[in-house]
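What follows is a set of notes on a single structure, which appears directly below.
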């Protein structure tokens, strides 16, 4: 059944608008255009309307209106995602949770926080700080991304190497299902049945819309040491990472940046990375005083024997914040060199990082594109960043071909298609690299059990039956929607 257009239903807009505030339903093109894509600007498709609910009940009312009218709908947080997950492929309605942005309660005794899912990630830690607590998941976009998006993508971040991704820190969630029903998914329920909360976290907005969540908080560590180690090249830096882990040391974070990334970061942010280095490792240790002191000595020994040109330790919180600012603003700094940025998100075994990095560089040269590498070295989670001109069809084509080869390389080396950005549109038709048709059919049946209408975030994650292709298809050009590209995505 074809999803009905928003304009097919004269009664739809008034019925949904009546459930919202007077200014909380947008339908004029100039108002809906900012919602045509997420942080991955390669995929664009403008919605026909945008709803801005402020309560769970309003979300449910909008969902029921969409379901009754046969109009597709897609949830959205801050739009910082990088796989097209919040891009409304079939038009319809975007349900933005940006106005549901409060930390409702912090319990120091239980070490939890109850939050609306439109709250910005960093605000949770700020609310918890007076109690000596913090929220561990820290995507690079944590000063802008929202809890709902983190849950949808099971977001990672620099510190998830030791502390775990988002799923390790979600205790319960209030979810609006595709028929407007409101349910509570809880970690406690997993002990007596299926772990539905674990299934929901990372489902990329295809099973329901989380409106509130209870998150786990951790105590602030007794001691934190942040180290910066420059190297002559990226390969020896990666080898140092494997040696650190093999020695039994588990830093809370290990991030790598190559010379191309250092160049743009220093020009745009001024984090204090040495401009003449071929690569830098940014490492952080945390925990009890004695443990951190012992681990620091061991890490410094390994870094020196691996060829570190120097080892710098942040002297205070201000220097620590500056060093991390360079890493967390690396993607944004790429805007200095081109109009568009494509960020890949493949994963390889940590021991194969040197091989993977060398192959990424070869792929870039072969396709005549500029690749800057910044990644979670401890997890083997690669983030090759390709700066390109989205107005040039030939360059777009070369970028997509190179990206596809990088994914093939990750799978060939025993890795995965995504570490934290999700599948969304970007990798949807590449899932056949990892899964057979029987596997994909099983996943489809799970999704259909939650969303039988097919109206909830359609066209994402899973390839259509019989239409799975390992080719990622053409990029939509300027002025074209993803849905307008014949056979590309839906």
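The values are calculated or read from the model by the stated rules, or taken from the named source; none is laboratory data. Nothing here was measured: the structure is a model prediction, and the numbers come from that model. Positions of Cβ are generated from backbone atoms using ideal geometry, with glycine treated the same way; all protein chains shown enter the neighbour counts.
Among (1) within 24 Å of residue 417 (Cβ to Cβ); (2) touching a helix residue (DSSP H, G or I) at 6+ places or on another chain (Cβ under 9 Å); (3) buried (at least 21 other Cβ atoms within 10 Å of the Cβ), which single condition is residue 148 missing?
Against the list (1) within 24 Å of residue 417 (Cβ to Cβ); (2) touching a helix residue (DSSP H, G or I) at 6+ places or on another chain (Cβ under 9 Å); (3) buried (at least 21 other Cβ atoms within 10 Å of the Cβ), residue 148 comes up short only on (2).
Take segment 105-125 and flag every residue that is over 18 Å from the mean Cα position of the chain (by Cα) and either in contact (Cβ under 8 Å) with a residue 24 or more places away in the chain or assigned to a helix (DSSP H, G or I) (or both).
106, 108, 111, 112, 113, 114, 115, 116, 125
Okay, residues lined up against (1) touching a residue at least 12 places away in the same chain (Cβ under 8 Å); (2) within 26 Å of residue 226 (Cα to Cα); (3) in contact with a helix residue (DSSP H, G or I) (Cβ under 6 Å, 6 or more places away or on another chain); (4) surrounded by 15 or more Cβ atoms within 10 Å (Cβ to Cβ):
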residue: 315; (1), (2), (3), (4): no, yes, no, no
residue: 332; (1), (2), (3), (4): yes, yes, no, yes
residue: 367; (1), (2), (3), (4): yes, no, yes, yes
residue: 373; (1), (2), (3), (4): yes, yes, no, yes
residue: 376; (1), (2), (3), (4): yes, yes, no, yes
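Within segment 275-283, is there a residue that is modelled with pLDDT of 95 or more, more than 30 Å from the chain's Cα centre (by Cα), farther than 26 Å from residue 249 by Cα and not assigned by TED's automatic domain parsing to the domain that holds residue 158?
Among the residues of segment 275-283, at least one is modelled with pLDDT of 95 or more, more than 30 Å from the chain's Cα centre (by Cα), farther than 26 Å from residue 249 by Cα and not assigned by TED's automatic domain parsing to the domain that holds residue 158, which makes the answer yes.
In segment 55-76, what residues are surrounded by 24 or more Cβ atoms within 10 Å (Cβ to Cβ) and closer than 18 Å to residue 20 by Cβ?
Across segment 55-76, the qualifying residues are 59, 62, 63, 65, 66, 71, 73, 74, 75, 76.
Please give the helices (runs of 4 or more DSSP H) falling wholly within segment 178-279 in which 3 or more residues are out of contact with any helix residue (DSSP H, G or I) (no Cβ under 8 Å at 6 or more places or on another chain).
Counting at least 3 such residues, we get 259-268.
In segment 284-304, what count of residues is obtained for those that are within 28 Å of the chain's Cα centre (by Cα) and either closer than 27 Å to residue 358 by Cβ or not in a strand (DSSP E or B) (or both)?
Here the count works out to 1.
In this structure, does residue 185 turn out to be within 22 Å of residue 64 (Cα to Cα), without any contact (Cβ under 8 Å) to a residue 60 or more places away in the chain and either within 21 Å of the chain's Cα centre (by Cα) or crowded, with 17+ Cβ neighbours inside 10 Å (or both)?
Here the answer is yes, as residue 185 does meet what is asked.
Return the total of residues in segment 97-112 being surrounded by 24 or more Cβ atoms within 10 Å (Cβ to Cβ) and touching a helix residue (DSSP H, G or I) at 6+ places or on another chain (Cβ under 7 Å).
Within segment 97-112, residues that are surrounded by 24 or more Cβ atoms within 10 Å (Cβ to Cβ) and touching a helix residue (DSSP H, G or I) at 6+ places or on another chain (Cβ under 7 Å) number 1.
Only one of (1) modelled with pLDDT under 95; (2) within 30 Å of residue 391 (Cβ to Cβ) fails for residue 9. Which number is that?
So the condition that residue 9 fails would be (2).
For residue 86, indicate whether it is buried (at least 21 other Cβ atoms within 10 Å of the Cβ) and assigned to a strand (DSSP E or B).
The answer is no for residue 86.
Which condition from (1) touching a strand residue (DSSP E or B) at 6+ places or on another chain (Cβ under 8 Å); (2) within 30 Å of residue 392 (Cβ to Cβ) is the one that residue 45 breaks?
So the condition that residue 45 fails would be (1).
Being farther than 20 Å from residue 85 by Cα and assigned to a helix (DSSP H, G or I) is the filter here, so list the residues in segment 32-66 that pass it.
Matches in segment 32-66: 56, 57, 58, 60, 61, 64, 65.
Can you tell which of 405, 426 is touching a residue at least 12 places away in the same chain (Cβ under 8 Å) and out of contact with any helix residue (DSSP H, G or I) (no Cβ under 6 Å at 6 or more places or on another chain)?
From the options 405, 426, the qualifying one is 426.
Run down 446, 411, 348 and say which single residue is at pLDDT 95 or above, crowded, with 22+ Cβ neighbours inside 10 Å and outside the structural domain of residue 153 (by TED's automatic domain parsing).
348
Among (1) closer than 30 Å to residue 71 by Cβ; (2) at pLDDT 95 or above; (3) out of contact with any strand residue (DSSP E or B) (no Cβ under 8 Å at 6 or more places or on another chain); (4) surrounded by fewer than 24 Cβ atoms within 10 Å (Cβ to Cβ), which single condition is residue 91 missing?
(2) is the only condition that residue 91 fails.
For segment 279-288, check the following and say yes or no: at least one residue is touching a residue at least 40 places away in the same chain (Cβ under 8 Å), surrounded by fewer than 20 Cβ atoms within 10 Å (Cβ to Cβ) and farther than 30 Å from residue 181 by Cα.
Yes, that holds for at least one residue.
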